[in-house]
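Here the structure is laid out as C-alpha cells; the discussion comes afterwards.
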Amino acid sequence: MIDWKLSEEKEMVIFYAGLLNDEETIKIIERNEISNKQEALHVAEFFWRMVEKSNEFQYKDNAVECEFLLEKVINTLMAYFRRAGYESEWEAFADL
C-alpha cells in the first residue's frame, strides 16, 4: 500500500489525474496500490505530467502549498516504488 504521509498528497494526485483525464491513475491511487509493471510505468509517467500541469495550474491556487505537496508526493511515490520492487520503472521516467 502507498503510505501517504498527508491525506492532501492523495487528494492532489487525484485532482491532477482528473484535470489530465487520467482514469487509470485515479483507479490505481484510489486502490492505493500498483499491481504490475505496466501500472508502475503509467503512474511514474503520470507524476511527471502532473508536475508539468502544476506549472500551469497550481493546486488550490497556492504556489507554496502546491510545491510543498509535490515534494511530499515524490518522496512518497519514490519510497513506494522502491519498496514494491518498481524502482526501475520509476527511474525510466525520472531520468528523462
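The values are calculated or read from the model by the stated rules, or taken from the named source; none is laboratory data. None of these values were measured; they are calculated from a predicted model. Neighbour counts run over all protein chains shown; Cβ positions are idealised from the backbone, glycine included. Only protein heavy atoms, including side chains, enter the accessible area calculation; ligands, DNA and RNA are left aside. Shrake-Rupley method; radii C 1.70, N 1.55, O 1.52, S 1.80 Å.
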Next item on the list: Give me the pairs, please: first residue somewhere in segment 81-94 and charged (D, E, K, R), second residue anywhere and open to solvent by less than 60 Å² (accessible area, probe 1.4 Å) and at pLDDT 95 or above, beta-carbon distance under 6 Å, and either six or more positions apart or on two chains.
Entry: E87/F81; E89/A40; E89/A44
Notebook entry, point to check: How many residues are crowded, with 16+ Cβ neighbours inside 10 Å and in contact (Cβ under 8 Å) with a residue 40 or more places away in the chain when one looks only at segment 1-14?
Noted result: 6
Check: V73 fails exactly one of the following numbered conditions: (1) part of a helix (DSSP H, G or I); (2) in contact with a Leu (Cβ under 8 Å, 6 or more places away or on another chain). What is the number of that condition?
Finding: (2)
Next item on the list: Take segment 20-51 and flag every residue that is more than 17 Å from W90 (Cβ to Cβ), open to solvent by less than 70 Å² (accessible area, probe 1.4 Å) and part of a helix (DSSP H, G or I).
Entry: I26
Check: When only residues in segment 52-88 that are of a type in the set (K, R) and farther than 19 Å from A40 by Cα count, which is most open to solvent (accessible area, probe 1.4 Å)?
Finding: K60
